[in-house]
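Beneath this line is the structure, given in structure tokens, with notes to follow.
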Amino acid sequence: MKLLGLKRDEVKQVFKEGKVTIAVYGLGKMGLPLAAVFADHGADVIGVDINEKIVEMVNMGENHVKEEPGLSELVKKNVEAGRLRATTDGAWAAKQADVMIIIVPTLADEKGNLKLDPVYDVAEKISQGLEKGDIVITEATMPPGTTESLIPILEKSGLKLGEFGLAHAPERTMTGTAIRDITGQYPKIVGASDEKTLEAVIGIYETINKKGVIPVSSIKAAEAVKVFEGIYRDVNIALANELALWCEEHGLDALEVFRAANTQPYCHLHMPGAGVGGHCIPIYPWFVINLAKKTNPHLIKTAREINDSMPHHIVELTIKALNEVGKSLKGSNVLVLGLTFRGGVREFMKSPAIPIIKELKEWGAKVYAYDPLCTPEDAKRFGAEWKKDFKNIDAIIIVTDHKEFKNLDLDKIAKDMNNKIIIDGRNILDAKKVEKNGFIYYRVGRVI
Ligand SMILES: NC(=O)C1=CN([C@@H]2O[C@H](COP(=O)(O)OP(=O)(O)OC[C@H]3O[C@@H](n4cnc5c(N)ncnc54)[C@H](O)[C@@H]3O)[C@@H](O)[C@H]2O)C=CC1
Ligand SMILES: CC(=O)N[C@@H]1[C@@H](OP(=O)(O)OP(=O)(O)OC[C@H]2O[C@@H](n3ccc(=O)[nH]c3=O)[C@H](O)[C@@H]2O)O[C@H](C(=O)O)[C@@H](O)[C@@H]1O
């Protein structure tokens, strides 16, 4: 049933009656939870993905996003109920659907040069099935202005904007809490092409999100909200890193100072660490930097430089610790714990482990690695040798905050290692406890 022109409560009613067909383009870490949640709330959902294996798994009621708690049950339940199915045919899905949601990757390279091909490919497919009264929503994070750049492609359908609706409703969640967040952790931000579209889209998201909807004045404003959330994080992490380096110089423990400072409600010092990885936080700043013609976003650019310098600082701390025991990095056995960019998710995009391993090897160290979410092939791909024990290791570097690394058996490790050195790049161990076991323990902001 077409939703354009309905009031939000009418949308909720037809949604519950199973009269709304939604096509979700991109069945990844974000798209599959979203598709399953829409189906679980009564919509008839068609998932679209270019990956035939994913389409096949979903149609068998299987979930490929293993790190997402509750998702396997939700996919199975809704596929069996006939509310969720998948296809690789994006044009066919558009013909069936009343609402099309684009949540495919919006990637950028190191310098933020965008790779939006997946978004434009989906827009082309949608244009082949777009009908009067349909609504197209982008949920993928994208540079402000990108959603409206799809209008000429969508109008290849022969329809003019206004005969179909266009909106941006950014995905404000992360792997590990997607279902919780999509259904009610934060209000949904929505910006739309016109009042009718806004009204209908509010009805769609109020159906699945108990935190409700915050409408903003334009599509571009909605895109900026999401990008700014990420830039806020990147700049604040850079501030934490810079203050932590100052603490090292002055013999302070940054975390002790930060925790005390953060008791003031207006202070939110973030965590210093080995660097900022992922598809999101290190990328979004470039969306603003690249679009700045008159303004000079030098704070945002400097923050990026600070965060990207942290992997090198981790290597410096390792050299310092080895020197304490009369060893140089050359010829030392170093074990990197963690290859993924953060704990609990198997993603390598801009993972700090990559430059750390590279630089350690340039210094002549023998580099080993272990990560509970990875394989020996992953380690090899990044230039390290897979090692699950601590025998003959001179220094451990924790680069990823996997929960498995929070309870290391320090007694046993101390016996196995050649030299007892831990560089904690994610502040996950208790300094006093580690030092009690005779380790040299450094972390960003604490080299006491
Ligand atoms: N991963 C996260 O924590 C968050 C991601 N986002 C945003 O969500 C979007 C998707 O991210 P993820 O789900 O993490 O990516 P992902 O890489 O996990 O999944 C993307 C899916 O899209 C499919 N795909 C790629 N090109 C396609 C095309 N042309 N047509 C149909 N399907 C296509 C891929 O096969 C894959 O299954 C991105 O824009 C990202 O910025 C937003 C918030 C959090
Ligand atoms: C505020 C927030 O938590 N943003 C989330 C973020 O998810 P993401 O998976 O990128 O994880 P993240 O916790 O931001 O970490 C990114 C990187 O930054 C590092 N990091 C994070 C926080 C911190 O205080 N210090 C720090 O060094 C992490 O180790 C990691 O390498 O980016 C997501 C996104 O925008 O796609 C966003 O939806 C998520 O809510």
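Side notes on the structure shown:
- Tensor-based shape of the range 301-443 (alpha-carbon gyration tensor, a/c under 1.5 rounded, otherwise prolate or oblate): rounded
- Amide H partners (placed H, <5 Å) of residue 23, local residues excluded: 46, 98, 99, 100, 101
- Note on exposure: 381, 85, 304 ranked by accessible area (1.4 Å probe, complete protein assembly) read 381, 85, 304, with the most exposed listed first.
- Taking the DSSP beta bridges with both ends in the chain, the antiparallel portion is around 10 percent.
- The label point for residue 358 and the one for residue 163, both projected 7 Å from the Cα toward the Cβ, are 5.0 nm apart.
- With the cut-off at under 15 Å, measuring from each backbone N in the range 360-380 to a point 7 Å along the Cα-to-Cβ line of residue 386 picks out 368-380.
- Size descriptor, Kirkwood hydrodynamic radius, that averages inverse alpha-carbon separations across the chain, Å: 23.6 Å
- Across the protein chains, with a 1.4 Å probe defining accessible surface, the residues 164, 228 rank 228, 164 from largest area downward.
- Accessible area of residue 318 (1.4 Å probe, protein heavy atoms only, ligands and nucleic acids ignored): about 0 Å².
- Where the range 8-219 is the region considered: accessible area per residue in Å², 1.4 Å probe: 38 Å²
- Between the residues 232, 193, 127, the greatest Cα displacement towards the positive end of the dipole of the chain, with unit charges on the Cβ of Lys, Arg, Asp and Glu, is found for 232.
- 22 Å Cα-Cα threshold exceeded, pairs from 380/420; 380/433; 327/415; 12/196: 380/420; 380/433
- Estimated [θ] at 222 nm from DSSP helical runs (n ≥ 4, -39500 (n - 2.57)) normalised by residues in the chain, nearest 500: -12000 deg cm²/dmol
- Sorted largest first by accessible area at a 1.4 angstrom probe radius, with every protein chain in place, the residues 366, 188, 77 fall in the order 77, 366, 188.
- Phi angles across the range 104-118 convert, under the Karplus curve 6.51 cos²θ - 1.76 cosθ + 1.60 with θ = phi - 60°, into 3J(HN,Hα) values of 9, x, 10, 9, 9, 7, 3, 9, x, 6, 6, 10, 9, 3, x Hz, Gly and Pro given as x.
- By accessible area, using a 1.4 Å probe on protein heavy atoms only, the chain has 55% of its surface on carbon and sulfur.
- Above-threshold pairs, the threshold being 21 Å between Cα atoms, out of 406/432; 53/76; 16/125; 95/160; 188/210; 2/53: 16/125; 2/53
- Solvent accessible area, Å² - residue 186, 1.4 Å probe, full protein context: 80 Å²
- Accessible area per residue for the range 301-443 is 43 Å², calculated with a 1.4 Å probe on protein heavy atoms, without ligands, DNA or RNA.
- For the range 255-345, the Stokes-Einstein estimate of translational diffusion at 4 °C and a viscosity of 1.567 mPa s comes to 79 µm²/s, using the Kirkwood hydrodynamic radius over alpha-carbon pairs.
- Net charge dipole, the chain: roughly 560 debye, given to the nearest 20, about the Cα centre with Cβ charges of +1 for Lys and Arg and -1 for Asp and Glu.
- Charged side chains reduced to their Cβ positions (Lys and Arg at +1, Asp and Glu at -1) give the range 301-443 a dipole of some 40 debye around its Cα centre.
- Charging the Cβ of each Asp and Glu at -1 and of each Lys and Arg at +1, and nothing else, the dipole of the range 21-153 about its Cα centre rounds to 100 debye.
- Per-pair calculated FRET efficiency, R0 = 30 Å: residue 232 and residue 96 via Cβ, rounded to 0.05: 0.15
- Pairs spanning more than 31 Å between alpha-carbon atoms, out of 66/330; 29/403; 66/388: 66/330.
- Efficiency of FRET between residue 267 and residue 89 - r from beta-carbon atoms, R0 35 angstrom, step 0.05: 0.10
- Of the whole protein surface, residue 341 contributes about 40 Å² of accessible area at a 1.4 Å probe radius.
The values are calculated or read from the model by the stated rules, or taken from the named source; none is laboratory data. Remember, predicted model here, so these are calculated numbers, not experimental data. All Cβ positions, even for glycine, are placed from backbone atoms using ideal geometry, and neighbour counts span all protein chains on display. Heads up: the accessible areas ignore ligands, DNA and RNA and are worked out on the full protein's heavy atoms, side chains in. Shrake-Rupley method; radii C 1.70, N 1.55, O 1.52, S 1.80 Å.
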